[in-house]
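The values are calculated or read from the model by the stated rules, or taken from the named source; none is laboratory data. From a predicted model like this one, the values you see are computed outputs, not experimental measurements. Using ideal geometry, Cβ is built from the backbone for each residue, glycine included, and neighbour counts are taken over all protein chains shown. In case anyone asks, the SASA skips ligands and DNA or RNA and just uses the protein heavy atoms, side chains included. Shrake-Rupley method; radii C 1.70, N 1.55, O 1.52, S 1.80 Å.
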Amino acid sequence: MSAGAEILQLIVTFILALPFLALLIFAKRARRAAALMLGAIVGWGVWGQLELEVGLSAGRPFSPISTSLLCFLSAGVASVLVAYLPWERVAEGWSRTFGRLGVAAAAAGFLAAAADAICRITGLIPSAEGFVAVVMSSIGALHLGVIVALVIEGAELFLTRRRQKRIAGWE
């Protein structure tokens with residue numbers, strides 16, 4: 001695809017990731033949230049590059065506000081919110097794991113669908129005319145948001161569970 005769109009995608013990814021990278025480095029209390037949001041933004045950058053390579057966005061000019069960006073940001077925000085909920089009081093073991101995955105996926109799907117619908121209705125994302133086009137796009141955003149949230153939250157749970165076992169002397 002065009003080299004200009006690829007470079008523009010990388011620049012937007014870097015600009016979005018820069019504040020979270022600074023938080024990750026300098027703010028000790030916000031490291032977990034910064035790492036989750038940084039993972040979501042880098043994931044969007046990789047997704048965008050693959051989308052350009054495959055040619056899914058052929059014929060469209062590059063737009064920094066896209067359905068995929070909304071889905072990845074929604075998944076990052078949902079994962080951050082779920083990470084800071086007091087899960088120790090709610091459940092133990094695997095029920096906590098599946099609960100976190102379910103809540104993150106549901107929240108990300110809802111946020112992605114709502115953000116996509118709002119952006120399409122207000123014209124921030126170009127869309128075909130009609131209510132059906134907005135609904136179908138929002139359903140697609142819901143699905144992508146759920147999948148991305150499951151990946152981000154699953155990775156976060158895997159990494160924190162490994163750390164807890166290592167601290168407890170299991171490894």
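Quick notes
- Region 121-153 and region 1-53: distance between their alpha carbon centers, rounded to Å: 20 Å
- Remark: the Ala155-Ser63 segment gains 30.3 nm on full extension, using 0.36 nm per residue and subtracting the alpha carbon distance.
- Residues whose placed amide H lies under 5 Å from that of Ile125, excluding near-sequence neighbours: Arg120
- Extension gain for Ile15 to Arg32 (0.36 nm times residue separation, less C-alpha to C-alpha distance): 4.2 nm.
- FRET efficiency, Ile118 to Leu81 (Cβ-Cβ, R0 25 Å, nearest 0.05): 0.85
- Computed extension length for Ser95-Ala133: 9.9 nm, one decimal, from 0.36 nm per residue of separation with the Cα-Cα distance subtracted.
- Remark: region 71-82, residue by residue, has Karplus-estimated 3J(HN,Hα) of 5, 5, 5, 4, 5, x, 5, 4, 5, 5, 4, 5 Hz, where x stands for each Gly or Pro and the curve is 6.51 cos²θ - 1.76 cosθ + 1.60 at θ = phi - 60°.
- Candidate residues Glu156, Glu6, Glu129: accessible-area rank, largest first, probe 1.4 Å: Glu129, Glu6, Glu156
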